[in-house]
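K.L.:
One structure follows; several queries about it will come next.
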Amino acid sequence: MPLPLQLPTIQNWSCHSCGGCCRQHSVEITPEERARITSQNWTADDGVPSHRPLFVRLGLFPWSPRYRLGNQADGACVFLDERGMCRIHGKFGEAAKPLACRIYPYAFHPAGGKITISLRFSCPSVVANRGKPIVEQKQELKLLEGLVVPEGAERTRPPEVAPGQRLDWPDTLKISGALDELLAEEGAPIVVKLLRALRLVDLLGQSRFEKIRGPRLSEFLQIVGLAARADVPADLATIPEPSRTGRTQFRLLAAQYARQDNFAEQAKGLRNRWRLLWAAMRFARGKGLVPRLQEPFVEVPFADLEPSFGPLPADADEILTRYLRVKVQGLHFCGRTQSGEPMVEGFQSLALVVPVVFWIARWLAAGSGRKRLATEDVARALAIADHHHGYSGAFRRPGFRGRVRLLARLDDISKLTAWYGR
Ligand code: SF4
């Protein structure tokens, strides 16, 4: 039975046919979708490249083959045409496309008796808030919900708050609500709001919830919310610089977010792996030139990204606030869809995207010879970073999660946010 949808009220989106998603993402398909596309009888006369396979086999086990859509030499989907339009959509209509394509950039998350909707900010139209308000797209989203949300979703267990600490759904949603309240605060800059939210999860991570439930949890969240506000200094310049270890780990993390991982890159094979390994060594060292990881970047000295880039552009505040709020409201930072991450760890990981965005935006600005950020730098950096966040395989590995935990333990997530947000 379909569950009620909780839609983000602050977000607009319509597809503007940039074709970006069809160039970047791997589209895994079901056996039914493979059969359907095969029966569509695609030939070179339709413009589909005749020398490229329509499907690529995934997985190691011959008894359970999985497939993804094939790609062109530049990494784009085989069905993407030269105008950036989908050939399947053009010839057979939207419903003929694989489900993964129809759902993007939405993400559906069970939240007790309802489904929350979040969006992927790898889509430039999501970042720019361009299109129809999401709340006016309920009918289309109900249709997608019927296709993507499994039966029994209302029985999904809530995410843990911290390891071994699980509440029921109403109390779990009070915690995401408390985070959202801090992020929504009018008049406070994004860096201040994020530092307060990080302080809140820090306090939650130190708490035991056996006896703090129901009305007591509401009171408790009010108290820790006030403490989180009080603990962030009014003058951010008094926040210590990130530690040396924290900076090294952060550069390696930023490199993971900044790299290109489409099929054109993977097809370079061993040569590409050596290039990435060499780049990782240079990122760890943090001296000399930043290796150029993909198209928009140029080599600039690491040292040029450290001084202040002045106040953030006014729109950057709105973009990053909306980003964090849409993810928090949509529970797009923890739980089953995020490798089972508890809320505390999941939020720390999400929060790290912000200094990563500042750092990548600085790189883009410095590459254009500027020492000030423009809104466009932040918007581009966010689309690059959110392409990976919670989705790329490397981000689910213990190494990545260990890096986030280490930065949290060193209190470096807050320090990095303040340092690169200045
Ligand atoms: S099938 Fe169409 S919508 Fe899906 S990735 Fe390919 S071109 Fe894009």
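Please treat every number below as a calculation from the coordinates, not as lab data. Since we're looking at a predicted model, the values are computed, not measured. A quick note on method: Cβ atoms are made from the backbone with ideal geometry, for glycine too, and the neighbour counts reach across all protein chains shown.
K.L.:
Return the long-range amide H neighbours of Glu341 (sequence gap of 5 or more, or a different chain), with a cut-off of under 5 Å between placed amide H atoms.
P.N.:
Result for Glu341 returns Gly335.
K.L.:
Give me the base-10 log of I(q)/I(0) for segment 297-372 at each q in 0.18 Å⁻¹, Debye formula, one uniform scatterer per Cα, rounded to two decimals.
P.N.:
Values returned for q = 0.18 Å⁻¹ are -0.79.
K.L.:
With each label point set 7 Å from Cα along the Cα-Cβ vector, what nm distance links Leu143 and Arg336?
P.N.:
With each label point 7 Å from Cα toward Cβ, the separation is 2.6 nm.
K.L.:
Also, I was wondering about something else. In whole angstrom, how far apart do the alpha carbon centroids of segment 371-422 and segment 92-165 sit?
P.N.:
Each part reduced to its Cα centre gives a spacing of 23 Å.
K.L.:
How about Lys142: which aspartates and glutamates have a C-alpha closer than 17 Å to its C-alpha, ignoring those fewer than 8 places off in the same chain?
P.N.:
Hits, sequence-local ones excluded: Glu94, Glu151, Glu154.
K.L.:
What ranking do Met1, Met281, Met343 get, fewest neighbouring Cβ atoms within 10 angstrom at the top?
P.N.:
Placing the least packed residue first, the sequence is Met1, Met281, Met343.
K.L.:
Could you name the lysines in cross-link range of Lys174, using Cα to Cα under 16 Å and dropping any fewer than eight places away on the same chain?
P.N.:
In chain and number order, the partners are Lys114, Lys211, Lys327.
K.L.:
Calculated FRET efficiency, Phe55 and Ala280, Cβ-Cβ r, R0 30 Å, to nearest 0.05?
P.N.:
Efficiency computed from Cβ-Cβ geometry: 0.40.
K.L.:
What lysines sit close enough to Lys415 to cross-link, taking a C-alpha to C-alpha distance under 16 Å and skipping anything fewer than 8 places away on the same chain?
P.N.:
Straight-line reach from Lys415, under 16 Å: Lys193.
K.L.:
Based only on other Cβ atoms within 10 Å, what is the fewest-to-most ordering of Arg409, Arg199?
P.N.:
Arranged by neighbour count, lowest to highest, Arg409, Arg199 become Arg409, Arg199.
K.L.:
What ³J(HN,Hα) values, in whole Hz, does the Karplus curve 6.51 cos²θ - 1.76 cosθ + 1.60 give for segment 122-128 when θ = phi - 60°, with x put for Gly and Pro?
P.N.:
For segment 122-128, the Karplus curve yields 6, 8, x, 6, 5, 4, 7 Hz.
K.L.:
Can you sort Trp13, Trp42, Trp278 so the residue with the fewest Cβ neighbours within 10 Å comes first?
P.N.:
Least to most surrounded, the residues fall as Trp278, Trp42, Trp13.
K.L.:
Sorted from largest down, give the three principal axis spans of the alpha carbons of segment 158-422, whole angstrom values.
P.N.:
Computed over the Cα atoms, the extents are 56, 39, 29 Å.
K.L.:
How big is the Cα convex hull of segment 56-106 in projection, averaged over all directions, in nm²?
P.N.:
Projected over every direction and averaged, the Cα hull of segment 56-106 covers 4.9 nm².
K.L.:
For segment 1-85, just say rounded, prolate or oblate: build the C-alpha gyration tensor, square-root its eigenvalues into a ≥ b ≥ c, call rounded for a/c under 1.5, and beyond that prolate if a/b exceeds b/c, oblate if not.
P.N.:
Oblate shape, in that a/c is at least 1.5 and b/c is the bigger or equal ratio.
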